[in-house]
Structures are given as C-alpha cells and as structure tokens.
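Student: Before I ask anything, here is the structure I am working with.
The values are calculated or read from the model by the stated rules, or taken from the named source; none is laboratory data. In this text the structure is predicted, and so the values were computed from the model without any measurement. As a convention, Cβ positions derive from the backbone with ideal geometry for all residues, glycine included, and neighbour counts pool all protein chains shown.
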C-alpha cells in the first residue's frame with residue numbers, strides 16, 4: 001500500500017485523502033480480471049511486488065520520500081492512525097460470529113484462500129454463487145500475505161472502511177480548522193451506533209457499500225480540476241462498489257447521475273479534450289458488472305443460486321395491482337415496521353432528517369441560504385424513498401414468505417441508506433458551516449479570527465465535545481464487540497477446539513447438539529460446514545429412535561461430533577456400547593458395539 005500510495009501522491013494531483021480507497025479499488029479490479037482467467041494467485045504476487053518495487057524505486061529516486069511522508073503528518077492523520085490502531089487491536093483476536101458470515105461472506109473468502117480460484121458449479125460449499133466478490137478479493141489478497149484468521153479478515157474489511165472514510169476529510173474547505181475535522185471524526189463514532197446491529201466484527205458489506213458511496217460523493221465535491229484524473233479515480237471507486245454487492249448498482253447510477261449533472265453545468269467553461277473524455281471512464285463500473293453477470297451465466301447457467309433477487313414476473317403483477325394474500329400480509333408488516341418508532345432504524349433516519357431540516361431553517365433565516373440546502377435535502381429524501389420502495393419490492397417478490405412476513409433483516413438492509421444519508425449530510429453541512437465563518441479568507445484565518453470571545457469559546461468547546469463523542473463511541477463499540485465475542489455458545493467453542501486438532505474436510509459426519517435453536521435456524525449447519533470445510537455433514541437434535549435405527553444411522557457416517565451433553569444421544573450410545581461419552585469427535589469405526 002505504501003508503494004502505491006506514495007507513487008500516486010508524487011505522480012498525480014489526486015489529494016492524499018482519496019489515494020487509499022483509489023489504490024484498493026485498483027487492486028481489486030486487477031484481482032477480479034485475473035480471477036476470470038484463473039490467475040488469481042499470480043496477480044496477487046504481481047500486485048505485491050509492484051507495490052514493493054514502487055516503494056524501493058521512490059526511495060532510490062528521491063531520498064526525501066520519508067521526509068515527505070512525515071511532513072504530511074497532521075492532526076487528521078494522527079487521528080485516523082489512532083482510530084485504525086484501536087480497531088486493529090480490538091479485532092485481532094476476535095472470532096466471526098454473525099450468521100451471514102457462514103452462509104456466504106466468510107465462506108467465499110476461505111474458498112478463495114484455499115482454492116485460489118473462483119467457484120464453479122461443482123463447488124457446493126458456496127451457497128450463493130452469483131454474489132459479486134469485490135470485498136472478498138481484497139480480503140483474499142490480505143490473507144495471502146498476512147495470514148488467514150478471523151481477526152485478520154475483519155481487520156482487512158475495516159481497512160477498506162477507513163480508506164473510504166478518509167475521503168471525507170477532503171471535502172473540508174479549510175483543512176486547518178479543527179472543528180470541521182472533529183465533526184467528521186465524531187461522525188465515525190456515531191456510525192458505530194448506526195451500525196450497532198452488525199458492528200465491525202464481521203465481513204458483511206451493508207456498511208461497506210455505504211461508506212464507499214460516501215467516498216464517491218466526496219470525489220464529486222472536489223471535481224473542479226484535473227478532470228481526467230478525477231474521472232478515472234471515480235470510475236475505480238464506483239467499480240469497487242458495484243463489485244461488492246449487486247444492489248449497490250442503484251447507488252452507482254445515482255452517483256453517476258450527480259456527476260453528469262455537475263459535468264454538464266461546467267461543460268460551457270471547459271471544452272478541452274480531456275474534459276470531453278472524462279465521462280467515458282464512468283462506463284467502467286457498468287462494464288465490470290456486466291462481465292460478472294456473463295461469468296455467472298457461463299459458469300453456473302441454470303444452477304445459479306439466487307437470494308433476494310427480484311422476479312420480473314412477480315414485479316409486473318405488482319405494478320398491475322395484482323398482489324396475493326401473502327403479499328398483502330408482507331405489505332402491512334412492512335408499512336408497520338417502517339412507520340413504527342419501535343424500529344431502531346426508523347428513529348435513526350427520522351433524527352437525521354429532522355436535524356437537517358432544523359439546519360435548513362437556521363441557515364435559511366440567519367444567512368439567507370435556502371435553495372442549495374433544500375435541494376440537497378430533497379435529493380437525500382428522494383434517494384431514501386426509492387431505496388425503501390426497492391426494499392419493499394424485494395420483500396414482496398424475492399424473499400421467502402416465512403422471512404418476509406416478519407420483515408427479516410430489515411435493520412440491516414436499511415442501514416446502508418441511513419449511513420449514506422448521514423454521511424452526505426455531514427459533508428454538506430460542514431461545507432455550509434465553513435462558508436459562514438466570520439473570516440472568509442482562508443489564508444487570514446488564525447486563533448484570533450472570531451467575531452467575539454463567546455464565538456471563540458463556542459468553537460473550542462464544540463471541537464472538544466465532538467472529539468469526546470468520537471472517543472466515547474469507539475471505546476463503547478470496541479468494548480461491546482469484545483464482550484459480545486465472549487458470549488459465543490459452548491457448541492461453537494467446542495467445534496473450534498475439535499477442528500483445531502483434527503482435519504475433517506473429507507468424509508461424512510454427524511454433528512450432535514441439544515441446542516435446538518441453532519439447529520432449527522440452520523446456524524449450526526452453516527457454521528459446521530465452514531469450520532470443517534465440508535458439505536457432507538448432518539446436524540441433528542432429535543434422537544428418539546430405536547437402538548437398531550440408532551446403529552444404522554451412526555454407521556452411515558465416518559464419524560460424529562458431540563458438541564454438548566446431549567442426554568438422548570448419550571443415553572442411546574451408552575445402551576449400545578456400555579460406555580459414557582463426553583463432548584468431542586469420535587470415529588464410527590472406533591466404537592465397539594455390545595451385543596444385546
């Protein structure tokens with residue numbers, strides 16, 4: 001990373017705040033293209049050594065490269081380093097626990113790490129083979145050179161998040177002012193509250209696509225010079241976005257529309273060839289999205305396993321007003337969930353829009369700034385409505401009824417648009433605040449540039465307050481993750497111990513537990529498949545069978561794993577062996593049955 005970022009900083013006019021997310025996007029695109037032709041490990045090595053070579057080249061060419069790095073150290077960089085270190089230390093020894101890590105997000109990374117290739121139709125351990133793999137490829141790259149552990153994967157994901165968040169600082173007009181930067185830091189802390197339902201100790205991408213979208217918006221705010229370079233940068237970031245999750249295509253389209261509006265307004269002021277060529281690069285994310293679709297179709301054909309993908313037939317019926325009784329139930333539940341103040345996300349998004357509305361009134365009446373503020377508010381409101389409508393259509397047409405009637409996963413799905421609204425409002429109001437500072441000339445601003453002593457004290461106290469908010473939230477979040485990680489079930493702990501001592505990726509195994517909940521919701525099945533790296537497993541709770549049937553069932557496996565003191569299973573086993581069994585792994589061939 002240091003080699004690439006230093007090279008881009010020296011050779012381009014791109015601000016340092018955009019470089020890290022730009023480099024990550026570029027690396028993921030290269031890995032993606034290489035993976036299509038089964039050159040994934042080779043490309044990883046090439047990317048690594050090119051980065052190393054660039055750093056050596058820059059050091060050899062310019063001895064002052066380290067001086068330049070240290071000269072760029074600021075309060076922002078120190079704060080980001082602190083932020084990063086706090087989470088690296090916190091995540092390092094944590095284990096993945098969220099259900100969806102094992103249905104897909106951690107499973108695909110482990111597959112890439114072991115197989116060094118994309119999944120094929122025969123790789124049944126991958127549950128959802130049509131999901132894009134953008135973030136997974138970056139985690140694969142990290143794990144290849146650092147190591148494959150749960151903690152390293154979570155840190156790799158967090159690196160992507162912080163790289164995107166770093167972009168926000170470039171939207172501050174006067175970067176020497178501490179207050180705007182303190183507000184941005186506090187927003188990172190508040191995001192941990194918005195993200196409370198899933199947190200950072202997982203590989204889910206709902207928050208990731210939100211912060212990358214905000215990063216892309218930040219680039220547009222600074223799109224006033226070096227048009228070609230900025231267009232390339234924006235195309236890379238949007239390509240990363242669409243390669244992470246298919247639903248992110250909505251945000252790519254919206255961002256491109258915003259870019260084209262801005263581009264069109266400035267077209268009359270710039271008629272250079274570079275400016276005309278700039279929009280062409282924005283086709284890259286759509287091309288890569290189409291390439292992935294063609295790859296999935298070519299490799300899996302009709303064997304594509306889809307989840308929450310809209311059905312055109314069902315959608316057309318809804319548009320015609322033809323909805324089933326089940327869909328009416330889902331619709332009522334969805335409306336109830338959205339408009340209920342018992343729903344956490346509803347409270348969050350309501351507060352975000354309410355605060356923004358109050359700020360519109362404040363800036364409007366005090367500074368006569370109305371039109372632009374109302375426009376930004378309206379755009380965010382429109383995007384939110386479109387997202388909620390799209391989310392409803394997904395529940396009506398794509399989600400299984402048993403899940404949809406309870407609006408399963410609602411908080412997670414709307415997290416993305418909540419964070420995008422929050423981030424875009426933060427950017428906008430910080431810039432508006434900068435415009436109304438007492439001293440308008442940035443170069444003349446100093447510690448005396450205040451209208452009166454009261455304003456100076458207000459500025460200082462506000463800065464301190466926002467920094468305390470930042471610290472308070474991240475300390476609370478990291479402590480919460482560590483505490484939550486200690487509460488994993490005994491079944492998970494025992495399975496981890498067994499897998500660490502014995503390789504069980506071949507053969508057929510029975511997993512036994514008396515925890516009916518984690519069996520009925522399929523958590524233990526997916527978790528066991530991930531830990532053993534084996535699809536040939538059965539997870540069972542009920543063993544109310546005859547001795548003969550019990551023997552027959554056991555003999556159908558190469559071994560079994562007893563995760564807890566399952567009373568019925570142990571009683572049946574004692575009847576046919578006259579022995580007591582404690583939790584652990586047992587080979588079926590090692591069991592000596594007693595003749596009755």
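Student: Can you name the condition, by its number, that residue 35 falls short on among (1) over 29 Å from residue 199 (Cα atoms); (2) outside any helix (DSSP H, G or I)?
Tutor: Answer for residue 35: the failing condition is (2).
Student: Taking residue 59, is it assigned to a helix (DSSP H, G or I), surrounded by fewer than 21 Cβ atoms within 10 Å (Cβ to Cβ) and in the same structural domain as residue 6 (by TED's automatic domain parsing)?
Tutor: Criteria met by residue 59.
Yes or no, residue by residue, for (1) assigned to a helix (DSSP H, G or I); (2) in contact with a helix residue (DSSP H, G or I) (Cβ under 8 Å, 6 or more places away or on another chain); (3) buried (at least 23 other Cβ atoms within 10 Å of the Cβ):
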| residue | (1), (2), (3) |
| --- | --- |
| 193 | yes, yes, no |
| 203 | no, yes, yes |
| 223 | no, yes, no |
| 235 | yes, yes, yes |
| 238 | yes, yes, yes |
| 241 | yes, yes, yes |
| 262 | yes, yes, no |
| 265 | yes, no, no |
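Student: State which residue is modelled with the lowest pLDDT when the search covers only the stretch 323-346 and only residues that are more than 16 Å from residue 385 (Cβ to Cβ) and assigned to a loop (DSSP other than H, G, I, E, B).
Tutor: Out of the qualifying residues, it is 323.
Student: Oh, and also: Looking at 407, 337, 343 in this structure, which one is touching a helix residue (DSSP H, G or I) at 6+ places or on another chain (Cβ under 9 Å), touching a residue at least 60 places away in the same chain (Cβ under 8 Å), on the phi > 0 side of the Ramachandran plot and surrounded by 15 or more Cβ atoms within 10 Å (Cβ to Cβ)?
Tutor: That would be 407, the only listed residue that is touching a helix residue (DSSP H, G or I) at 6+ places or on another chain (Cβ under 9 Å), touching a residue at least 60 places away in the same chain (Cβ under 8 Å), on the phi > 0 side of the Ramachandran plot and surrounded by 15 or more Cβ atoms within 10 Å (Cβ to Cβ).
Student: Within the bounds of the stretch 477-494, is there any residue that is surrounded by 18 or more Cβ atoms within 10 Å (Cβ to Cβ), more than 30 Å from residue 194 (Cβ to Cβ) and modelled with pLDDT of 90 or more?
Tutor: Yes: the stretch 477-494 contains one or more residues that are surrounded by 18 or more Cβ atoms within 10 Å (Cβ to Cβ), more than 30 Å from residue 194 (Cβ to Cβ) and modelled with pLDDT of 90 or more.
Student: Report the residue count in the stretch 368-391 for those that are in a helix (DSSP H, G or I) and within 14 Å of residue 428 (Cβ to Cβ).
Tutor: Looking only at that region, the number is 12.
Student: Consider only pairs whose beta carbons are under 6 Å apart and that are at least six residues apart or on different chains; among these, list those whose first residue lies in the stretch 235-248 and is closer than 15 Å to residue 291 by Cβ and not assigned by TED's automatic domain parsing to the domain that holds residue 132 and whose second residue is part of a helix (DSSP H, G or I) and at pLDDT 95 or above.
Tutor: none
Student: Among the candidates 511, 498, 519, 474, which residue alone is touching a residue at least 60 places away in the same chain (Cβ under 8 Å), outside the structural domain of residue 124 (by TED's automatic domain parsing) and either touching a strand residue (DSSP E or B) at 6+ places or on another chain (Cβ under 9 Å) or surrounded by 15 or more Cβ atoms within 10 Å (Cβ to Cβ) (or both)?
Tutor: Testing whether each residue is touching a residue at least 60 places away in the same chain (Cβ under 8 Å), outside the structural domain of residue 124 (by TED's automatic domain parsing) and either touching a strand residue (DSSP E or B) at 6+ places or on another chain (Cβ under 9 Å) or surrounded by 15 or more Cβ atoms within 10 Å (Cβ to Cβ) (or both) leaves just 498.
Student: Let me ask another. Name the residue, out of 49, 82, 32, 102, that is modelled with pLDDT of 90 or more and either closer than 18 Å to residue 166 by Cα or touching a strand residue (DSSP E or B) at 6+ places or on another chain (Cβ under 7 Å) (or both).
Tutor: None of the other options fit; the residue is 82.
Student: Still on this structure, I have one more. Just give me the residues in the stretch 501-520 being under 9 Å from residue 540 (Cα atoms) and touching a helix residue (DSSP H, G or I) at 6+ places or on another chain (Cβ under 9 Å), in sequence order. Please lay out each step first, then the result.
Tutor: Taking the stretch 501-520 and keeping what is under 9 Å from residue 540 (Cα atoms), we get 510-514, 516, 519.
Listed by number, the residues that qualify are 510, 511, 512, 513, 514, 519.
Student: What's the total number of residues in the stretch 16-46 that are closer than 29 Å to residue 227 by Cα and either buried (at least 20 other Cβ atoms within 10 Å of the Cβ) or under 18 Å from the mean Cα position of the chain (by Cα) (or both)?
Tutor: Selection size over the stretch 16-46: 15.
Student: Checking residue 465 against (1) assigned by TED's automatic domain parsing to the domain that holds residue 187; (2) within 18 Å of residue 93 (Cβ to Cβ), only one condition comes out false. Which one?
Tutor: For residue 465, the exception is condition (2).
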